[in-house]
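The values are calculated or read from the model by the stated rules, or taken from the named source; none is laboratory data. These figures come from a predicted structure and were not determined experimentally. In this analysis, Cβ positions are derived from the backbone assuming ideal geometry, glycine residues included, and neighbour counts consider all displayed protein chains. Quick note on the areas: whole protein, heavy atoms, side chains included, nothing else; ligands and nucleic acids left out. Shrake-Rupley method; radii C 1.70, N 1.55, O 1.52, S 1.80 Å.
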Amino acid sequence: MEDELPSRKAEEGGSSKRSQRQQERQGKLPRRHKEVKRSLQRPDCPEHLSGGSVHWLPEQPESEASVSVEDTAESCPKRWDRCRRGHFLHGPYPDTHFGPKACVLPNPTSVMHIQDPASQRLTWSKPPLNVLVIRKIRDETLLEPFKELCRFLVEEKHLMVYVEKKVVDDGSLMTDDSFSAIRNQLCTFREGYDDISDCIDLIICLGGDGTLLYASSLFQGSVPPVMAFHLGSLGFLAPFKFESFKTEVDKVFEGNAAIILRSRLKVKVVKGMFQRNEQLFSTQENGIAPHNHINNEAGKITLQLQVLNEVVVDRGPSSYLSDVDLYLDGRLITSVQGDGVIVSTPTGSTAYAGAAGASMIHPNVPAIMVTPICPHSLSFRPIVVPAGVELMITLSPDARNTAWVSFDGRKRQEIQHGDSIKITTSCFPVPSICCHDLVYDWFDSLAQCLHWNIRKKQTRLTDASDSSETDN
């Protein structure tokens, strides 16, 4: 018995030390949970992301959205269940602590904080008064829908309707006496001459995807909410049907409609930024172009645009291969030799980039896509890079010809030696109003417009036995 006492005392001493260590560790837990609690609190969305009149619904209360200090290891399964029950499209906020001693270095300079897409709903701080109606021109079938919509907005909703001057000057509208009273109340503008960016509360598009691209080009800053009706050829970006336009418009004016923020690209064309010599774009050990060859004083920004779909750099009318260099955050990534390269948004992944072999990406995925056009290399696959990087495209010094660039199919111009194209994600997205929700609308457009994964259904076997056994 006496021999057992020391061992028992040792066990008791060891257990007391272990319990003491556990208490010390548990004493550290609240401080760590407090840090997680601070990191889980989402900052408010910048005002410029709301398009002026768009606001977000309030976040969850802090007691539900953050981790409690009293949570210990025993409550972890409950927290995991709570995270699994939540419906988030951007995923949960990642834990910045890894194990007992490792963590991410705090960085106060964050680029952008956005609300989770699943909870993005449209509401109005004030009732909308000015509506821009964009109609597909040179299409006679859209005259009657256009007149019905304008008559509804002016006579029943008592709104100020803006339309492009060339739409009002259409010969069919000028000769229609029944529409003359409405036509005289329409406000007209001319692209490139009149600035309407500060007076439009809502945009309604009648036509195909081109009308939404045109609406995006009219607003180089904050974009009002866009409601697109499918009256064109494809209509991938237009989820609404015009048959029930009065009901749909009333729902939007009431608020609480689901919206999807379609990211845009901020593009700058800089002329004469680089000096022309043989060592200009030579591959260095670190792949970075020498700064002494960059002539910032001579560089002149000749064009700055917000692009919704893609920026296309191609070989133009020349029969030679297009030879351009691609930089990512100042570092040379690769040279593109082929017919050209496409830099697109997730919205543009179902346009030219999709036809060139890129993957189709949901518009709420923050990314930039780089897709080669007929590359002269079998291993050149399309890539996806983070949305926050800056891409730069320049003409290779060994290129035999110049290149041409276009932005959403417009403003096509020539790129010569010494010119550069800088591309990054814009902070002014296009708030597109959803018909159902941002997930269902996208997959419905894939099936209806692009016939995604459409094939004849495989018939079931009449015999329940395995076919391989039957063959034997």
TODO: Would you tell me the accessible area of Lys266, worked out with a 1.4 angstrom probe on the heavy atoms of the protein chains, in Å² to the nearest 10?
DONE: 70
Open item on the list: Sort Cys103, Cys434 by heavy-atom solvent-accessible area, probe 1.4 angstrom, most to least.
Closed with: Cys103, Cys434
Open item on the list: Expected output is a single nm value to one decimal: the length gained when fully extending between Lys166 and Ile454, i.e. 0.36 nm times separation in residues minus the C-alpha distance. What is it?
Closed with: 99.6 nm
Task: the range 204-234: chymotrypsin sites (Phe, Trp or Tyr not before Pro) in DSSP coil with no more than 16 other Cβ atoms inside 10 Å - done: none
Open item on the list: Give me the percent of accessible area attributable to carbon and sulfur for the range 196-250, probe 1.4 angstrom.
Closed with: 52
TODO: Can you tell me which of 146-153, 339-346, 449-456 comes out highest on packing, and rank the rest after it, using the mean Cβ neighbours within 10 Å?
DONE: 339-346, 146-153, 449-456
Open item on the list: Just the number please: accessible area per residue for the range 312-462, 1.4 Å probe, all protein chains included, in Å².
Closed with: 50
Task: Accessible area of Ser172 in the full protein assembly, 1.4 Å probe (Å², nearest 10) - done: 50
Open item on the list: If packing is taken as the average count of other Cβ atoms within 10 Å, what order do 239-245, 312-318 fall into, highest mean first?
Closed with: 312-318, 239-245
Task: Where Trp404, Trp442 fall by accessible area, highest first, once all protein chains stay in place (1.4 Å) - done: Trp404, Trp442
